[in-house]
């Protein structure tokens, strides 16, 4: 671990906290938005713990994830589309609270909170299983196909975890309108997966055979 990596990680973490806070609480018109604080806690407390673990045990992985930037035009498009989706969903959640448009039963909020944490655990397990995991679509030097654990169930368990995370977020925020916006993530991630698999089949030895063994990309028995 280096001082530079620590400062970089801390700066990005705090920037994320501030950005999400602005997107949620500014439209809400108040800091007294309990569901906003609930999501902030569910998201950033485990994130801090995961960051500390990576910083201690695998700083190279942390640095790779902090500095990752898409190089392919199609994947850059996916990134900015996802960004617009997040902005719209969080702003709508704040406005929904501010104007009291439509509220969900409490059990939906708490069930979504449990689902969010389970998805976070799944995300952590994927990080443990796959040392080659990257935030960008690429094939790294010396990379091999990982086909054990969750990768023996679906080909992209990290994206499966992200779908659960992103679809549970608006429900934690008590906003069905934000949930409808977040459904846009499904075609976005489908496009990313198709582009990623095209690259992996071309450049990663054994990946084409892996796709024959593990049939499902994202959801078992569905796709």
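Throughout, read-outs are computed from the coordinates displayed, never taken from laboratory work. Keep in mind the model is a prediction, meaning the values are calculated, not measured. Cβ: placed from backbone, ideal geometry, glycine included. Neighbour counts: every protein chain shown.
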For this session: Any chance you could run the full-extension gain for residue 11 through residue 88? It's 0.36 nm times the residue separation minus the Cα-Cα distance, nm to one decimal.
Result: 25.3 nm
For this session: Among 202, 191, rank each residue by its count of other Cβ atoms within 10 Å, from fewest to most, as a rough exposure measure.
Result: 202, 191
Seminar exercise, completed: Quick note on 90, 99, ordering by fewest other C-beta atoms within 10 Å, gives 99, 90
Exercise. Under the classification rounded if a/c is under 1.5, otherwise prolate if a/b is larger than b/c and oblate if not, where does region 138-203 fall, given a ≥ b ≥ c as square roots of the Cα gyration tensor eigenvalues?
Worked result: prolate
Exercise. Here are some values of mean projected area of the Cα convex hull in nm²: [x] 12.6; [y] 14.1; [z] 13.3. Which one was computed from this structure?
Worked result: [x]
Exercise. Could you give the nm distance between label points at residue 118 and residue 3, where each point is 7 Å from its Cα heading toward the beta carbon?
Worked result: 4.6
For this session: With springs only between Cα atoms under 10 Å apart, run a GNM on the chain and tell me which of 96, 106, 174 wobbles the most.
Result: 106
Problem set entry | Ellipsoid equivalent to region 91-223 - semi-axes via the Cα gyration tensor, in Å | 33, 15, 12
Problem set entry | Mean separation of Cα contacts under 8 Å, 6 or more apart, over the residue count of region 3-213: relative contact order % | 28
Exercise. For the residues 189, 87, what sequence is obtained by ranking on other C-beta atoms within 10 Å, fewest first?
Worked result: 87, 189
Exercise. Roughly what would the spin-label model give for residue 191 and residue 98, points 7 Å off Cα along C-beta, in nm?
Worked result: 2.9
